[in-house]
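In what follows, a single structure is set out as structure tokens and then discussed.
The values are calculated or read from the model by the stated rules, or taken from the named source; none is laboratory data. Owing to the predicted nature of the structure, the values given are computational and were not obtained by experimental measurement. As a convention, Cβ positions derive from the backbone with ideal geometry for all residues, glycine included, and neighbour counts pool all protein chains shown.
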Amino acid sequence: MKTIRLEEPRNLQHADIGEPDSPGPGQALVRTHRMGICGTDYSGYLGKMPFISYPLILGHELGVEVLEVGDGVTNVAVGEKCSVEPYMNCGTCYPCRRGNTNCCETLNVIGVMVDGGLCERFLIRADKLHPSEILSYEQLALVETLGIGCHATDRAKPKQGDHVLIIGAGPIGLATLEFTRLTGAEITVMDVVESRLEFCRETYGVPHTVLFKGDGSEFDQMLEITGGDKYAVVTDATGSDKSMSTALAYVAHTGSLVYLGITTKEISFFQAAMHKPELTIKSSRNALAADFTRIISLIEDGTINTGPWITHRTSFDDVIGEFETFTRPESGVIKAVIEVT
């Protein structure tokens, strides 16, 4: 069976692996049709993702077809199209018992910590499949990305009329934007790439965008936007240690900062910078099963339009040659999708 494996940073190779077994109790055998390329995949490719071990088969943003199910499976049937919830949790640890399955103490994320779906077929726990009779495999592959933004917005808890700053307009920042806009908050997006900000203005009608230049002008612009109050909520979706270390400066007194991006480096700030304004600092990791159900419904009813997201498509045969290009900001990639089968 064909797959593509990340042997080490910057080294993707075609490989042949054995066929998966027949599904056991609670399992399903699925065929991968579409895979979205995530920032985590790019970080792993570049050697900047702390949770990845090599070699690894990537693929956690997936649109799949159910080929066979094992005993006891009732939530999906053969032939159904599904999105994959890639977070393999234990169900018994402290966070799992509290419903926080996204941060299980022994969590394995397929395509990140264990082999994922960039192959023709694979076995998965059937309870991690979320079917839709309406959505395409391409749309289903985007559900996981949107789940990250959905969960981050729930962590941030913006209210209608709040000034909210989203730092980073890559796919994860855009996913956060999708759900923040549903709260009625006043949104500002900041990025270092003007084309991404233009996408936010033209596609989502974002009223305020800030191009980060590093000369202090962005701070003055933000104070003007907020009337001098700064932001009730700031979400940093960059994965940049420098951005994450300075993001506190944009948060209003008693406001909240949510770290959504991941870095292998340390972040630092003076303790007084968070103590004096009594800030709340949170992280946001992965998503919950309920987020997948909600997102599928929102795409089905047209509340979320995934169409503008996909700017690049590639085939299974061509992805190795094109992957490096997708990592470069000048490529203009918002979301690239691999046509696996």
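For the residues PRO20, PRO50, the requirement of being modelled with pLDDT under 95 and assigned to a loop (DSSP other than H, G, I, E, B) singles out PRO50.
With respect to the conditions (1) of a type outside the set (D, E, K, R); (2) under 17 Å from LEU6 (Cα atoms); (3) modelled with pLDDT of 95 or more, ALA289 falls short on a single one, namely (2). Output yes when any residue across segment 32-47 is of a type in the set (D, E, K, R), assigned to a strand (DSSP E or B) and in contact with a Lys or Arg (Cβ under 7 Å, 6 or more places away or on another chain), and no when none is. Checked segment 32-47: no residue is of a type in the set (D, E, K, R), assigned to a strand (DSSP E or B) and in contact with a Lys or Arg (Cβ under 7 Å, 6 or more places away or on another chain). When restricted to residues that are out of contact with any helix residue (DSSP H, G or I) (no Cβ under 6 Å at 6 or more places or on another chain) and in a helix (DSSP H, G or I), segment 297-319 contains 6. Among the residues of this structure, MET49 counts as one that is surrounded by fewer than 24 Cβ atoms within 10 Å (Cβ to Cβ), closer than 30 Å to LYS265 by Cβ and assigned by TED's automatic domain parsing to the domain that holds LEU135.
In segment 65-117, which residues are over 20 Å from ARG285 (Cα atoms) and under 17 Å from the mean Cα position of the chain (by Cα)?
GLY117 - this is the single residue of segment 65-117 that is over 20 Å from ARG285 (Cα atoms) and under 17 Å from the mean Cα position of the chain (by Cα).
Only residues that are under 17 Å from the mean Cα position of the chain (by Cα) and farther than 18 Å from VAL143 by Cβ were counted across segment 313-341, and they come to 3.
The condition (being within 14 Å of LEU260 (Cβ to Cβ), touching a residue at least 24 places away in the same chain (Cβ under 8 Å) and in contact with a helix residue (DSSP H, G or I) (Cβ under 8 Å, 6 or more places away or on another chain)) is satisfied by just one residue among VAL164, VAL143, VAL206, VAL192: VAL164. Note on segment 304-341: residues that are among the hydroxyl-bearing types (Ser, Thr, Tyr) and either without any contact (Cβ under 8 Å) to a residue 60 or more places away in the chain or exposed (fewer than 13 other Cβ atoms within 10 Å of the Cβ) (or both) amount to 5.
Looking at GLY117, GLY161, GLY91, just one residue is surrounded by 24 or more Cβ atoms within 10 Å (Cβ to Cβ) and in a loop (DSSP other than H, G, I, E, B), and that residue is GLY117. For first residues located in segment 80-91 and hydroxyl-bearing (Ser, Thr, Tyr), partners that are modelled with pLDDT under 95 and lie 6+ apart or on another chain with Cβ distances below 9 Å do not occur. Filter segment 275-284 for residues that are of a type outside the set (Gly, Ala, Ser), closer than 28 Å to GLY99 by Cβ and either assigned to a helix (DSSP H, G or I) or in contact with a Phe, Trp or Tyr (Cβ under 9 Å, 6 or more places away or on another chain) (or both) and give the result. Result: ILE281, LYS282. Look at ASN108 and say whether it is in contact with a strand residue (DSSP E or B) (Cβ under 9 Å, 6 or more places away or on another chain) and either under 28 Å from GLU7 (Cα atoms) or not β-branched (Val, Ile, Thr) (or both). Spelling it out, ASN108 is indeed in contact with a strand residue (DSSP E or B) (Cβ under 9 Å, 6 or more places away or on another chain) and either under 28 Å from GLU7 (Cα atoms) or not β-branched (Val, Ile, Thr) (or both).
Quick grid of which residues meet (1) within 26 Å of GLY111 (Cβ to Cβ); (2) in contact with a strand residue (DSSP E or B) (Cβ under 7 Å, 6 or more places away or on another chain); (3) at pLDDT 95 or above:
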residue: VAL143; (1), (2), (3): yes, yes, yes
residue: ILE148; (1), (2), (3): yes, no, yes
residue: ALA152; (1), (2), (3): yes, yes, yes
residue: THR176; (1), (2), (3): yes, yes, yes
residue: ARG181; (1), (2), (3): no, yes, yes
residue: GLY184; (1), (2), (3): no, no, yes
residue: ILE187; (1), (2), (3): no, yes, yes
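For residues that are hydrophobic (A, V, I, L, M, F, W, C) and either without any contact (Cβ under 8 Å) to a residue 24 or more places away in the chain or in contact with a strand residue (DSSP E or B) (Cβ under 8 Å, 6 or more places away or on another chain) (or both), tally how many sit in segment 268-288. Of the residues in that region, 6 qualify.
Those helices (runs of 4 or more DSSP H) of segment 194-267 in which at least 3 residues are under 23 Å from the mean Cα position of the chain (by Cα) and surrounded by fewer than 19 Cβ atoms within 10 Å (Cβ to Cβ), considering only elements entirely within it, cover 194-204, 241-246. If you check VAL109, VAL73 for being of a type outside the set (Lys, Arg), surrounded by 18 or more Cβ atoms within 10 Å (Cβ to Cβ) and in a loop (DSSP other than H, G, I, E, B), only one passes: VAL73.
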